[in-house]
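Step one of this worksheet: look at the structure below.
Please treat every number below as a calculation from the coordinates, not as lab data. Nothing here was measured: the structure is a model prediction, and the numbers come from that model. Positions of Cβ are backbone-derived with ideal geometry, glycine not excepted, and every protein chain shown enters the neighbour counts.
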Amino acid sequence: MLARIILFSLALLGATTSLAQDRELSSRGELIDGIAAVVNDGVVLKSELAEETRRIVQRLQAQGTKVPPERSLVPQVLDRLIINRIQLQRCERVGIQVSDETLNNALANIAQRNNVSLAQLPQLLAGEGIDYPQYRREMRDQIAIEQLHQRDVLARISITPREIDEYLARQAGRASSNMEYDISQILVAVSPTATPEVIAAAGKKANDLYQRLKAGQDFAQLAVTNSDGQQALEGGSLGWKKGDELPTVFADVVPGLQKGQVSEPIRSASGFHLVKLNDRRGGEPVIEQQTHVRHILITPNAVLDNDAAREKITAIRQRIVSGEDDFATVAKAISDDPGSKNEGGDLGWTGPGSFAPEFQAVVNSIAENTVSEPFHTRFGWHILEVLGRRTQDTTEEVKRQQAALAIRNSKLGEETEVWMQRLRDQAFVESRI
């Protein structure tokens, strides 16, 4: 279980700053490192590339995926490191900082899933051959990137009532939210500013890959060496998705695929996709214990450090509890959660597992119509109020709320790919391998 959780965590972390040294001997016999790529005003070291390649090979072997030749794998790994470095540089520019408390909370969640304490985690990681200080650095970087995605991508996604109506109408003849699909993808990325010739070449590459897959070549191996998607080095796996959470570009295709079948190339704003249905499950009615929650989030930044953010949310809570301020009004004015602030912090009716574990724990622990004490998650400082609890089947109102969430989730993947491609296009990158 530990190995699975750690591998999963590292897969989420992706390529991050590694201090492992893959050193070379200089002409004077001194140990030196080399530069694999220049990225804006930073670099990716050859030691980082070698260490990340080693980890990817180890993970592919653990998954039973055939390891591609080095000449195909190394450029993919380097590209991931470059994209990661560009994102971390943007985190610095916009003032995203991850406090030790936020980091420790995230690590404590990993430790809890392994039935150990945070203090015991380093020893368990060492048993898996993982350096704890490096693991902390990687986790801190990943949390920063998650916050950057919330800031730069999620905030750009808007959903209209008409979209919800159209979505529900489409769902009437398609897979329900109770169906789940295990899918993988190969993405041949196309820049938003690409010329017709570049687009045509990308389309030809996607068709060639489709023919190779039809001929029996392994999907995961082709994804590792050819996909431009964020999950390329995981064999293109996107994991399990509910029917109403499928990316928009796949929503009309996946339900019609047979288990093991690969779609023809699908065009989207980010490029050409090949999607494989690995498995499907579900279809039964679901009765849930649901909670209606609203919250206010204050995120530390370059101007507002962690202590100041805690003091600010504490003062906000006091004014709300005393009746000086209205919860929804304050949330609309100052909450840092782009997904709920315009709704007065309202997160709607949600079932178990909808939130991060530390957030869910507070939801489960407080009484209705009570404003919680300030608490911390990886996203910042929160207060929340439980407006109600119920046990019931899906109603029309809940369907609309779930539809809005599903639309946002389905847009998120494509928007992220386009955003990352734009960052890559705007960056100065010089490969030296």
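Go ahead and run the numbers for FRET between THR225 and PHE428, Cβ-Cβ distance against an R0 of 22 Å, rounding to 0.05.
With R0 = 22 Å, the Cβ-Cβ based efficiency is 0.25.
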- Residues of type lysines that LYS399 reaches as a straight line, Cα spacing below 20 Å, ignoring anything fewer than 8 places off in the same chain: LYS241, LYS242, LYS411
- Note on the structure: region 288-392, Kirkwood Rh and Cα Rg, ratio Rg/Rh at 0.95
- Note on the structure: Among GluC sites (Glu not before Pro) in region 302-367, those in a DSSP loop whose Cβ has at most 13 other Cβ atoms within 10 Å are GLU324
- Can you pull out the chymotrypsin sites (Phe, Trp or Tyr not before Pro) in region 359-433 that DSSP calls coil and that have at most 10 other Cβ atoms within 10 Å? PHE428
- Return the Rg/Rh value of the chain, two decimal places, where both radii are evaluated on C-alpha atoms and Rh is the Kirkwood radius. 0.97
- Per residue of region 98-108, in order, report the coupling 6.51 cos²θ - 1.76 cosθ + 1.60 (Karplus, θ = phi - 60°) as ³J(HN,Hα) in whole Hz, putting x for Gly and Pro. 10, 6, 4, 5, 4, 4, 5, 4, 5, 5, 5
- Message: At 0.692 mPa s and 37 °C, plugging the Kirkwood radius over alpha-carbon pairs of region 88-234 into Stokes-Einstein gives what diffusion coefficient in µm²/s?
- Response: 164
- Item | Peptides 190-198, 84-92 ordered by average Cβ neighbours within 10 Å, highest first | 84-92, 190-198
- Message: Within a 10 angstrom radius of the beta carbon, how do ILE383, ILE199 rank from fewest other beta carbons to most?
- Response: ILE199, ILE383
- Tell me what the chain gives for mean residue ellipticity at 222 nm when only DSSP H runs of n ≥ 4 count, each as -39,500 (n - 2.57), the sum divided by the residue total, rounded to 500 deg cm²/dmol. -15000 deg cm²/dmol
- May I ask you to list the aspartates and glutamates whose Cα is less than 17 Å away from that of LYS332, ignoring any residue fewer than eight positions away on the same chain? GLU324, GLU343, ASP346, GLU385
